[in-house]
Amino acid sequence: MKIARLLLMVLVGAPISAHANDFPTADRVEYVLECMKNHAGKYEYLYKCSCAIDNIAKGLTFDEYVETSTALRNQTLGGPKGAEFRDPDAVKAMAKKYKAIQTGANKACYVP
């Protein structure tokens, strides 16, 4: 009886946990392809980069991922348009948070 109850709890809870912090497939693929490109397109990075985005998804909601990764990616923009991403302290903090999470994910997944 206890086993049946435990199995029922796992089956009922599985769909809920499968959607928690889930990123759209296209965004996961985009991350993996960009990551692979940054590592000479080597096939071994398919698995390492997939692991990294999975770890990032554990630490951020998709909305947070979009905001923080955009903040980091655009900090190198020059001119007045780039100032929106370089100057505000809140944007700097978001970029720093994403970089820390990405660094941890890369370390856990052996992405140099």
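The values are calculated or read from the model by the stated rules, or taken from the named source; none is laboratory data. Nothing here was measured: the structure is a model prediction, and the numbers come from that model. Cβ placement follows ideal geometry from the backbone for every residue including glycine, while neighbour counts extend to all protein chains displayed. Remember, those area values only see protein heavy atoms, side chains included, never the ligands or the DNA or RNA. Shrake-Rupley method; radii C 1.70, N 1.55, O 1.52, S 1.80 Å.
Just a few scattered comments:
- Restricting attention to region 35-45 and to residues that are open to solvent by less than 70 Å² (accessible area, probe 1.4 Å) and part of a helix (DSSP H, G or I), the residue that is nearest to Lys92 (Cα to Cα) turns out to be Cys35.
Results for (1) assigned to a helix (DSSP H, G or I); (2) open to solvent by 70 Å² or more (accessible area, probe 1.4 Å); (3) touching a Gly at 6+ places or on another chain (Cβ under 8 Å), shown as yes or no for each residue.
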position	(1), (2), (3)
Arg28	yes, no, no
Tyr47	yes, yes, no
Asp63	yes, yes, no
Glu67	yes, yes, no
Val91	yes, no, no
Lys99	yes, yes, no
Tyr110	no, yes, no
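- Considering each residue of region 81-90 in turn, none proves to be touching a Leu at 6+ places or on another chain (Cβ under 9 Å) and modelled with pLDDT of 95 or more.
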